[in-house]
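Colleague: Structure provided below as structure tokens; questions to follow.
The values are calculated or read from the model by the stated rules, or taken from the named source; none is laboratory data. Just so we're clear, the structure is a prediction, and the values are computed from it rather than from any experiment. Neighbour counts are summed over all protein chains in view; Cβ atoms, including those assigned to glycine, are modelled from backbone coordinates with ideal geometry. Note: areas computed on protein heavy atoms with side chains; ligands, DNA, RNA excluded. Shrake-Rupley method; radii C 1.70, N 1.55, O 1.52, S 1.80 Å.
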Amino acid sequence: MRTARRCESPNFGARPVGVEPELIVIHSISLPPGIYGGDAIERLFTNRLDWDAHPYFAQLRGLEVSAHFVLRRDGELLQFVSCAMRAWHAGVSQWRGRAHCNDFSIGIELEGLEGEAFESAQYDALIVLMRRIARGYPIRGVAGHEHIAPNRKRDPGAGFDWARITAALRWPRTYFPEALAIGA
Ligand SMILES: [Zn+2]
């Protein structure tokens, strides 16, 4: 994305042959949890986090993960992995009966704390980003990490306003059944 600040992550691989991104996965992250504005997310996603810098970071030791994008609290967009590639953001996951969501998804992290609210600047930037992604790829669904890995993950959580993005995007409601609880 031209408007993104690039922070290249090594935590990606090729998508399976013939597989294109069809799903956008919304995540939330803050490091340490609830603390905003530092560089720990960038460091985690580029394997440069000092595990000893905060007690919480100890549990992240050795983790090799990255989303494609991060949206900071002020709406700044960071890109870690090309959308054409398979970023390591979803882990063990399943969407509409299909496992390995990393194969066919694009991951967007909003700086935030699961269960808490997000900023207007983040929604504005997210909507622009999602529209751009959908112009380049055959997107046909949007889900939270909590919807594709319900036994492990709770992000982005109840503070994320799904109605706000569905109203702004005007995409079919069938793109969001898990999030809007209208039945998968
Ligand atoms: Zn997540």
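Colleague: Please verify whether region 27-36 includes one or more residues that are under 17 Å from the mean Cα position of the chain (by Cα), under 14 Å from GLU109 (Cβ atoms) and open to solvent by 80 Å² or more (accessible area, probe 1.4 Å).
Modeller: yes
Colleague: TYR137 - would you say it is at pLDDT 95 or above and away from the ligand (no atom under 16 Å from the Cβ)?
Modeller: When the stated conditions are applied, TYR137 passes them.
Colleague: Filtering region 15-26 down to residues that are within 13 Å of the ligand (Cβ to nearest atom) and over 15 Å from TRP88 (Cβ atoms), which residue is surrounded by the fewest Cβ atoms within 10 Å (Cβ to Cβ)?
Modeller: ILE24
Colleague: While we're looking at this one, here's another question. Can you tell me which residue within region 99-117, out of those that are open to solvent by 20 Å² or more (accessible area, probe 1.4 Å) and either within 9 Å of GLY75 (Cα to Cα) or not aliphatic (A, V, I, L, M) (or both), is nearest to the ligand (Cβ to nearest atom)?
Modeller: The selected residue is GLU114.
Colleague: Out of ILE127, ILE106, I need the residue that is closer than 14 Å to ASN11 by Cα and among the β-branched types (Val, Ile, Thr). Which one? Outline the logic, then answer.
Modeller: Numbers: ILE127 fails: closer than 14 Å to ASN11 by Cα.
Result of the check over ILE127, ILE106: ILE106.
Colleague: Continuing with the same structure: Quick one: is ALA149 within 16 Å of the ligand (Cβ to nearest atom), among the hydrophobic types (A, V, I, L, M, F, W, C) and within 20 Å of HIS89 (Cα to Cα)?
Modeller: yes
Colleague: Please specify each residue of region 118-134 satisfying the condition of being within 14 Å of ARG164 (Cα to Cα) and either within 16 Å of the ligand (Cβ to nearest atom) or of a type in the set (A, V, I, L, M, F, W, C) (or both).
Modeller: PHE118, ALA121, GLN122, ALA125, LEU126, ILE127, VAL128, MET130
Colleague: Which residue pairs have Cβ atoms under 9 Å apart, sit 6 or more places apart or on different chains, and have a first residue in region 81-102 that is of a type in the set (D, E, K, R) and a second that is open to solvent by 60 Å² or more (accessible area, probe 1.4 Å) and outside any loop (DSSP other than H, G, I, E, B)?
Modeller: ARG86/PHE12
Colleague: Within 14 Å of the chain's Cα centre (by Cα) and of a type in the set (Lys, Arg) - does that describe any residue in region 82-99?
Modeller: Applying the first criterion (within 14 Å of the chain's Cα centre (by Cα)) to region 82-99 yields 82-83, 86-91, 93.
Checking the rest, the ones that are also of a type in the set (Lys, Arg) come to 86.
Taking every residue of region 82-99 in turn, at least one turns out to be within 14 Å of the chain's Cα centre (by Cα) and of a type in the set (Lys, Arg).
Colleague: Also: Do you know which of the residues in region 4-40 that are β-branched (Val, Ile, Thr) and touching a strand residue (DSSP E or B) at 6+ places or on another chain (Cβ under 6 Å) is farthest from PHE118 (Cα to Cα)?
Modeller: Applying the first criterion (β-branched (Val, Ile, Thr)) to region 4-40 yields 17, 19, 24-26, 29, 35.
Now drop any that are not touching a strand residue (DSSP E or B) at 6+ places or on another chain (Cβ under 6 Å), which leaves 24-26, 29.
Details: ILE24: 18, VAL25: 16, ILE26: 12, ILE29: 11 Å.
Looking at residues that are β-branched (Val, Ile, Thr) and touching a strand residue (DSSP E or B) at 6+ places or on another chain (Cβ under 6 Å), I get ILE24.
Colleague: When region 154-184 is examined, which residues are found to be open to solvent by 70 Å² or more (accessible area, probe 1.4 Å) and either within 11 Å of the ligand (Cβ to nearest atom) or within 23 Å of ALA125 (Cα to Cα) (or both)?
Modeller: ARG154, ALA158, ARG164, ARG170, ARG173, THR174 - these are the residues of region 154-184 that are open to solvent by 70 Å² or more (accessible area, probe 1.4 Å) and either within 11 Å of the ligand (Cβ to nearest atom) or within 23 Å of ALA125 (Cα to Cα) (or both).
Colleague: Okay, moving on. Filtering region 100-134 down to residues that are among the acidic types (Asp, Glu) and at pLDDT 95 or above, which residue is nearest to the chain's Cα centre (by Cα)?
Modeller: Filtering region 100-134 for residues that are among the acidic types (Asp, Glu) and at pLDDT 95 or above, the one nearest to the chain's Cα centre (by Cα) comes out as GLU109.
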